[in-house]
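Working notes, structure below.
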Amino acid sequence: YAALGYDHAYKGISDVRSLIFYERKRIVSTLFDIQHGIVLDAGCGPGVYTDFLSKAEHTSYGIDISINMINVAHKKCFPRAHFSVGSVEHIPFPDNSFDGVLCIGVLEYLGNLDCAIQEISRVIKQNGVAIFTIPNKLSILNVIDALLRVSLKLINRVCKSNFIKSVMDPNYELHTVSAFTLNKILEKEGFKIEKECYHIFRLSFLNKIAPNISFLISKKMNFISHPFLGINYIVKCRK
């Protein structure tokens with residue numbers, strides 16, 4: 001169910017989540033400018049980036065830790081696309097296998113960023129292009145989101161209520177990382193930063209209370225790209 005829901009969110013802009021996914025894919029596809037290469041989609045999910053890789057005539061390999069995600073990706077039957085179950089922290093390919101690597105919406109779920117980036121550095125060829133994304137730790141909006149979640153959990157414990165469920169998902173914890181921290185790891189593993197950007201203005205506490213208003217605000221404020229506002233960070237680098 002999660003795999004199908006994630007895949008569906010990329011098929012049209014209908015809410016804040018799908019807007020975030022659409023904008024992220026638009027930016028990534030613009031930055032990823034290699035031609036006719038062999039590409040790894042590290043943490044590919046249900047193959048949501050494989051369509052633009054196929055159109056660009058790349059041979060792509062997608063790995064994901066979830067067999068359900070891989071099963072959905074297989075059903076799409078993209079030309080020159082290969083999918084398998086695998087971990088980004090232990091990539092099942094030899095050294096210098098790929099001209100480019102995408103690692104989109106993945107790092108925030110990993111226990112060891114250094115290990116994952118080291119593995120990506122190992123499998124990418126010299127002069128290869130890699131694109132990474134991460135929730136932005138410096139975003140005021142992400143800070144507000146975290147503080148609100150902590151406050152609501154405390155209120156729930158004191159008042160013995162389930163009020164938090166009407167405002168946000170109590171089980172969702174966003175792992176954020178600063179651009180500075182990510183870039184230091186990338187540089188340590190031999191990558192040179194070429195381009196970076198921040199995207200999406202989101203007031204997440206409105207998502208459940210007033211989803212239509214939340215969606216409208218995000219669409220109207222979508223032009224903002226600022227380190228202290230954009231909730232996501234995207235970086236293009238070269239080995």
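All other residues whose Cβ lies under 12 angstrom from that of GLU119 are scored, Lys and Arg at +1 and Asp and Glu at -1, for a net of -3.
May I ask you to list the trypsin sites (Lys or Arg not before Pro) in the stretch 10-104 that are in a DSSP loop and have at most 15 other Cβ atoms within 10 Å of their Cβ?
Values: sites: LYS11, ARG17, ARG24, LYS25, ARG26, LYS55, LYS75, LYS76, ARG80; in loops: LYS11, LYS75, LYS76, ARG80.
Sparse-neighbourhood loop trypsin sites (Lys or Arg not before Pro): LYS11, LYS75, LYS76, ARG80.
For a 19 Å ceiling on Cα separation, which of these pairs sit above it: LYS25/LYS55; LYS153/LYS208; LYS184/LYS236? It would help to have the intermediate numbers written out before the result.
Working: LYS25/LYS55 14 Å; LYS153/LYS208 16 Å; LYS184/LYS236 14 Å.
In this structure, no pair lies more than 19 Å apart at Cα.
Only beta bridges with both residues in the chain are counted; by DSSP, about 45 percent of them are antiparallel.
Taking amide H as placed 1.01 Å from N in the peptide plane, the amide H of ASP41 sits under 5 Å from that of TYR61, GLY62, ILE63, LEU102, each at least 5 places away or on another chain. Among VAL123, VAL158, VAL88, which one shows the highest mean-square fluctuation when the chain is modelled as a Gaussian network with alpha-carbon springs under 10 Å? Fluctuation is largest for VAL158. The label-point distance for ILE67 and ARG80, in a model that sets each label 7 Å from Cα toward Cβ, rounds to 3.1 nm. The phi-based Karplus calculation (6.51 cos²θ - 1.76 cosθ + 1.60; θ = phi - 60°) puts the 3J(HN,Hα) values of the stretch 113-129 at 4, 4, 5, 5, 5, 4, 5, 5, 4, 5, 8, 8, 6, 4, 6, x, 9 Hz, whole numbers, x for Gly and Pro.
Fully extending the segment from HIS36 to ARG157 would add 38.0 nm, taking 0.36 nm per residue of separation and subtracting the current Cα-Cα distance.
Restricting attention to the stretch 171-239, which GluC sites (Glu not before Pro) occupy a DSSP loop and are surrounded by at most 15 other Cβ atoms within 10 Å?
On the way: sites: GLU173, GLU187, GLU189, GLU194, GLU196; in loops: GLU173, GLU189.
Here the sparse-neighbourhood loop sites are GLU173.
Within the stretch 222-239, what residues put their amide N at less than 19 Å from the label point 7 Å along the Cα-to-Cβ vector of SER178? What the label zone holds, given the 19 Å backbone N cut-off, is 226-235. Put a dot 7 Å past the Cα of ILE209, heading toward its Cβ, do the same for ASP95, and the two dots end up 5.5 nm apart. In this structure the amide hydrogen of SER178, modeled in the peptide plane, comes within under 5 Å of the amide hydrogens of LYS137, none closer than 5 places in sequence on its chain.
Restriction of the GluC sites (Glu not before Pro) in the stretch 1-99 to DSSP coil positions whose beta-carbon has at most 16 other beta-carbons within 10 angstrom yields GLU57.
Computed from the coordinates by the stated procedures, all read-outs in this text should not be read as laboratory data. Everything numeric in this text was worked out from a predicted model, so none of it was measured. Glycine also receives a Cβ, built like all others from the backbone with ideal geometry; neighbour counts cover every protein chain displayed.
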